[in-house]
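Accompanying notes for the structure given below.
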Amino acid sequence: MGSKNKLRRFRDNEAFPNVIQPPRQEVLERTFPLRGRWQDHFGNANPIVLELGCGKGDYTLALARRNPGVNYLGVDIKGARIWRGAKTALEEPLPNAAFLRTHIELIDRVFAPGEVAEIWITFPDPQIKYKRTKHRMTNAVFLERYRTILAPGGKVHLKTDSEFMHGYTLGLLQGLGLPIFYANHDIYRLEGAPPEVTQIQTFYEKQYLEMGKAITYLSFSPHTK
């Protein structure tokens, strides 16, 4: 993508009512005004579901279409990517879909404890190298952040083409004694995956399937039993 296109998208994001870009200082100081008041943005008291590392927001948009009584928020730091999802949500329109531009490691600073109903993590970078473990989105530190913002009973959904990411997360959850609701290492070959897991496919997921890669899925809680 050319620099002119990126600049145009950044300008569009500033004008889009469904794109929220909090100043970093507000996030760090936990003074971001929507923290604890996200329902004010959507104008209703419906549950709030996050897609972390949403990219162009394929899952955010698809889930919003399926469940108009739930508010969906795609989270990513790449403004040029979330532009696509935000623009589509405005065009359709999907008033229950919005996008937040921030670093995921700061997620507990933009949401209050218990404010989020569910979290989706779709095709994250598995950060395979050991020195990248701290950036892995299901490491123990991230799980603690998710535990903080999730309401009691709230679930985390991990969908990935990485057997490494799937196995790493499954082993960590078992080691921590956290509830695992569903685990499948090949959702299109083995039956039982929820409809929203198999009936929604991202752009990259379709490419992975064409390459013959298995798609894995985990559903779990970061809250102890």
Kindly indicate whether GLU92 is in contact with a strand residue (DSSP E or B) (Cβ under 7 Å, 6 or more places away or on another chain), modelled with pLDDT of 95 or more and surrounded by fewer than 23 Cβ atoms within 10 Å (Cβ to Cβ).
no
Select, from GLU144, GLU115, GLU196, the only residue that is in contact (Cβ under 8 Å) with a residue 40 or more places away in the chain and surrounded by 17 or more Cβ atoms within 10 Å (Cβ to Cβ).
GLU115
How many residues does segment 157-181 contain that are more than 18 Å from the chain's Cα centre (by Cα) and within 26 Å of THR224 (Cβ to Cβ)?
15
Every residue from segment 140-157 that is of a type outside the set (Val, Ile, Thr) and either out of contact with any Ser or Thr (no Cβ under 6 Å at 6 or more places or on another chain) or not assigned by TED's automatic domain parsing to the domain that holds ALA193 (or both):
ALA140, PHE142, LEU143, GLU144, ARG145, TYR146, ARG147, LEU150, ALA151, PRO152, GLY153, GLY154
Can you find a residue that is assigned to a loop (DSSP other than H, G, I, E, B), assigned by TED's automatic domain parsing to the domain that holds ILE149 and not charged (D, E, K, R) anywhere in segment 116-124?
yes
Where the second residue is part of a loop (DSSP other than H, G, I, E, B) and not aliphatic (A, V, I, L, M) and the first is free of Cβ contacts under 8 Å to residues at least 24 places away in the same chain and over 23 Å from LEU90 (Cα atoms) and lies in segment 18-47, which pairs have Cβ atoms under 7 Å and are six or more apart or on separate chains?
GLU26/PHE32
Take the residues of segment 188-225 that are touching a Gly at 6+ places or on another chain (Cβ under 9 Å) and within 17 Å of GLU163 (Cβ to Cβ): which is modelled with the highest pLDDT?
THR216
Leading residue by the ranking (farthest from PRO152 (Cα to Cα)) among those in segment 199-225 that are surrounded by fewer than 13 Cβ atoms within 10 Å (Cβ to Cβ) and of a type in the set (S, T, N, Q)
GLN207
A careful count of residues in segment 153-180 that are part of a helix (DSSP H, G or I) and not hydrophobic (A, V, I, L, M, F, W, C) gives 8
Could you say which residue among ALA193, ALA183 is hydrophobic (A, V, I, L, M, F, W, C), farther than 18 Å from THR60 by Cβ, in a strand (DSSP E or B) and assigned by TED's automatic domain parsing to the domain that holds THR216?
ALA183
Give the residues of segment 168-187 that are out of contact with any Gly (no Cβ under 9 Å at 6 or more places or on another chain) and surrounded by 15 or more Cβ atoms within 10 Å (Cβ to Cβ), sorted by residue number.
TYR168, THR169, LEU170, LEU172, LEU173, LEU178, ALA183, ILE187
Residues in segment 62-82 that are closer than 21 Å to LYS206 by Cα, assigned to a helix (DSSP H, G or I) and touching a helix residue (DSSP H, G or I) at 6+ places or on another chain (Cβ under 6 Å) total 0
Test result for THR160, within 19 Å of LEU50 (Cα to Cα) and out of contact with any His (no Cβ under 7 Å at 6 or more places or on another chain)
no
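The values are calculated or read from the model by the stated rules, or taken from the named source; none is laboratory data. Because the structure is predicted, anything quoted here is derived from the model rather than measured. Note that we place each Cβ from the backbone using ideal geometry, even for glycine, and neighbour counts take in every protein chain shown.
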